[in-house]
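The block underneath contains the structure these notes are about, expressed in structure tokens.
The values are calculated or read from the model by the stated rules, or taken from the named source; none is laboratory data. Quantities reported herein were computed from a predicted structural model and do not represent experimental measurements. Cβ placement follows ideal geometry from the backbone for every residue including glycine, while neighbour counts extend to all protein chains displayed.
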Amino acid sequence: MRLLMALSLVVSAGAVQAEETDKAEQCDALGGIVTQLVELRQDGKREKRSVKILTNGKTAVDEKYQPAVQFLSGWVYSLTDDELTYEPGKKYTEACLEQ
């Protein structure tokens, strides 16, 4: 019985660690997308073009994050120019990790 309990604790701890690693990876990826969108906007690209750049061809983000590009672009393109200077990608990653 003790062995079973110890094994379940080890498995649970491993699952939590894997979940935290997955979350950190996901938050980093989404924060990176925000940073790319900010850079594209600052380079004068329109929102629709930026979405296309990040979802098609060699410059596309990982396929599993492509659905988030449209959502994140709406947010990035709604920011004021002043807000773009506060590193939204980094702030997004930090906020994501805190959830």
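Consider only pairs whose beta carbons are under 6 Å apart and that are at least six residues apart or on different chains; among these, list those whose first residue lies in the stretch 79-99 and is under 17 Å from ASP43 (Cβ atoms) and whose second residue is among the hydrophobic types (A, V, I, L, M, F, W, C).
Close Cβ pairs satisfying both conditions: LEU84/VAL38; PRO88/VAL34; PRO88/VAL38; GLY89/VAL34.
To keep it simple, each residue is scored yes or no on (1) in a helix (DSSP H, G or I); (2) among the β-branched types (Val, Ile, Thr); (3) at pLDDT 95 or above.
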| position | (1), (2), (3) |
| --- | --- |
| CYS27 | yes, no, yes |
| ILE33 | yes, yes, yes |
| LYS45 | no, no, yes |
| LEU54 | yes, no, yes |
| VAL69 | yes, yes, yes |
| GLY74 | yes, no, yes |
| SER78 | no, no, yes |
| ASP82 | yes, no, no |
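Consider the stretch 40-99. How many of its residues are over 18 Å from ALA29 (Cα atoms) and touching a helix residue (DSSP H, G or I) at 6+ places or on another chain (Cβ under 8 Å)?
Summing the residues that are over 18 Å from ALA29 (Cα atoms) and touching a helix residue (DSSP H, G or I) at 6+ places or on another chain (Cβ under 8 Å) in the stretch 40-99 gives 8.
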